[in-house]
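Accompanying notes for the structure given below.
Please treat every number below as a calculation from the coordinates, not as lab data. These numbers come from a predicted model, not from an experiment. Glycine gets a Cβ as well: all are built from the backbone with ideal geometry, and neighbour counts include every protein chain shown.
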């Protein structure tokens, strides 16, 4: 399985990933900045599917997104308009977007804009919806969900946008690296990074407050104070530009995307173009919130596992011992799980360092052939969605090896094709 | 060594320690709030000594304190005035104060006021002097040191005082408990707690900014942003009220104070009144900043080890793996060192939880008899002072067993005395 050309290609790919410099450059309505976005587009997480393949909570989330955007009066009309081609349902992945859980983006929704200033490309992510268990990105919709989305659009996003204009672009890697030193692993725990981010825009908010936007600023403080998961959206967009930087290196077997839809778990590989390699959903070791069980779970999409693609989340969970209380497990297991990830990665991250491992760099750059050799698939920290909509727990997800095997076969085939 | 009466007394003492509710209630000039403080008083760290016993850096620090306060033109005059009884040198410990390193308090210096709202008593600590390696509390003095102290007195302290007046008293235990979940052990690492504290007064500062104190507020933000050790002074005062709450329980063998002077390491014990039990200085396993060695160290006082008295610092260092970079060592050793502290403590803290130990409570309440039985003395995280003044390193300090043996002998004697 040792292939010098592949190793060299992976070295280039992971080098690009590590050289990436994600900066938050703005927050704008999706339709104004997302490539290919139209007023009639709804984006959703996961490798692309036909509309008929979207089922359950993810299908509902898309329909609710259309209703929220005012494209349809109700979900039946939305469904009709989608089937008639009047509303376009697309994969986030085809529009440089990255979706949390169902990952619904409609035209007017604000998105964070993260630019890789080392390579020039961008990625976009929607904002965290807030503390309610019911959220559109978990497939739920009611007046509260709508009001929360409206407040993000009309108050928080314009204010943060103004704050970023004052402060200038905010480099995200330093905040992420620091988060790892302060108990985050930047997938299921983002407490420190959220607080560090709020601190970065503090002076700008001060200026806006003194300039007459008192109510908005106080509400923004409260939101960031209470919603310590908020940074995840910035971290996901940052991870996406890092992963995208590594994509498209001829001969490389590095994983550059992992994405979940209601139908599958899928990966993309640096040297294998735009093809998605699909397999069954991950297995789960998790902890359910009170009143819920395994039987209540439903796959409704999710792309926050892009953090694992760049050496965070399950690849840095040794930094976040508090996750025991959120997703179950114990610290010894977390250390073992994290340590095992070195066996499927090509590099130790020189910027994301893990203090409990003596500042060893996080395992970074998943090689599909290492996954096949070891039989170890990526450990993904994640939230669990319920059949009724809403989050019902959290845990560690393990994708089956199928999609990695398919990708490896394609890689071998490509090599043998002149 | 099992003594039911002593165990019952220790149970009461540690119960009071854990029931303590330290809140930051204000910041005022020492002379206005510290009991027994006069315009001519200089307080310094450690069990009380005669003036002639203060040597080296600690003596210099006291003299510089008198010069800073304007009580003398230079250190020679200050020395003369002290010997003439015109300037009074006292132990912080006799004035409800707690000193960082040499711990110099003069009349005009601002102190944080921490009240135990469960029991009613208070403790006081000076403010962190800032980023310079040279600080008065490390025995150094020049124009920069003076200017930094003036700025604390004239700008930062009045502003923070006003902020606390707006916000109301700030409970410190929740910030400390959270700090432990975010990589602090609250002696040598206070990064998270400092940031969490700044967040608590953020809205008050906003109001003061809008009210016209822009320059001060921006400078305060910068100070708290750059000086992530700042919280230590609040943590020390909080730990002191907790430790003091446990003091004075008849028959208890719990350690309620540990303090270092240029001459000795000394402890007080709950059931043994105001007596200090003195022994030789701690031994040291540390890391020196570039250019310094073991030979440059000098003992100039220090009472931040009050944090260890209440289950923090070395008793919670498993929470702060980043300290490997600051004080040397490795994480496995830190875990072992921390774990060993359970053998000399009477309780697992129900509020200071250690996530890497599966949220087990921090070992809390050092029993002198457990120290004697095991031969294990407290592990203390600390900064190291240099002969030239200034900090020259950091490490783990281990007091010899002598003072614990003396205290145990006194405890036995008291028991046999009707």
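Details
- Region B:322-418: C-alpha pair distances exceeding 15 Å, %: 70 percent
- Each copy carries residue B:38; placing its label point 7 Å along the C-beta direction from Cα gives inter-copy distances of 8.7 nm, listed from smallest up.
- Peptide-level mean, for B:354-360, of C-beta atoms on other protein chains within 10 Å: 5
- Highest mean packing first, where packing is the average number of other Cβ atoms within 10 Å per residue, the peptides B:370-383, A:231-244, B:102-115 line up as A:231-244, B:102-115, B:370-383.
- Each semi-axis of the equivalent ellipsoid for region B:77-147 is √(5λ) with λ an eigenvalue of the Cα gyration tensor; in descending order they amount to 24, 19, 9 Å.
- Zero-based 20 Å bins, Cα pair distances in chain A, whole percents: 29, 60, 11, 0
- Radius of gyration over Kirkwood radius for region A:235-325, both on Cα atoms: the Rg/Rh ratio is 1.02.
- Over chain B, relative contact order from alpha-carbon pairs under 8 Å, at least 6 apart, %: 20 percent
- In Å, descending, principal axis extents of the Cα set of region A:22-234: 49, 37, 29
- Estimated at 0.36 nm per residue, the fully extended path between residue B:360 and residue B:55 surpasses their Cα-Cα distance by 105.6 nm.
- Projecting label points 7 angstrom from Cα along Cα→Cβ for residue A:167 and residue B:161 puts them 3.2 nm apart.
- Residue by residue along A:325-334, Cβ atoms of other protein chains within 10 Å of the local Cβ number 2 on average.
- Comment: the Cα-to-Cβ extended label point of residue A:2, at 7 Å, lies 6.2 nm from its counterparts in the other copies, nearest first.
- Binned Cα-Cα distance frequencies in the protein assembly as shown - 10 Å width, integer %: 3, 13, 21, 22, 17, 13, 8, 3, 1, 0
- Computed over region B:1-143, the P(r) tail beyond 22 angstrom holds 44 percent of alpha carbon pairs.
- Helical mean residue ellipticity (222 nm; -39500 (n - 2.57) per DSSP H run of 4+; nearest 500) of chain A: -11000 deg cm²/dmol
- Sorted from greatest to least, the principal axis extents spanned by the alpha carbons of region A:366-418 come out as 50, 21, 13 Å.
- You can think of it this way: the chain between residue A:154 and residue A:336 has 61.0 nm of extra reach, that is 0.36 nm per residue less the Cα-Cα gap.
- Other protein chain Cβ atoms within 10 Å, averaged over every residue that makes up A:199-211: 4
- Ranked A:223, B:124, criterion: other C-beta atoms within 10 Å, fewest first: A:223, B:124
- Averaging Cα coordinates gives a centre for region B:177-198 and one for region B:1-76; these two points are 23 Å apart.
- Potential extension, residue B:177-residue B:2 segment - 0.36 nm per residue separation minus Cα distance: 59.8 nm
- When region B:157-292 is reduced to its Cα atoms, the Kirkwood hydrodynamic radius in Å: 17.6 Å
- Residue order, fewest to most beta carbons within 10 Å, for B:146, B:181, B:199: B:146, B:199, B:181
- Extending 7 Å from the Cα toward the beta-carbon at both residue B:250 and residue B:11 defines two label points whose distance is 1.8 nm.
- Of B:289, A:357, the sequence from fewest to most neighbouring Cβ atoms within 10 angstrom is B:289, A:357.
- Taken over the C-alpha atoms, region A:247-416 has Rg and Dmax values of 16.0, 54 angstrom.
- Relative to the other identical copies, residue B:226 shows label-point distances of 3.5 nm, where the label point lies 7 Å from Cα along the Cβ direction and values run shortest first.
- Backbone N within region B:106-121 under 19 Å of label point (7 Å from residue B:219 Cα along the Cβ vector): B:108-112
- Look at the alpha carbon pairs under 8 Å that are at least 6 residues apart: their mean separation over the length of region B:188-330 gives a relative contact order of 21 percent.
- Region B:203-226 and region B:369-418: distance between their alpha carbon centers, rounded to Å: 41 Å
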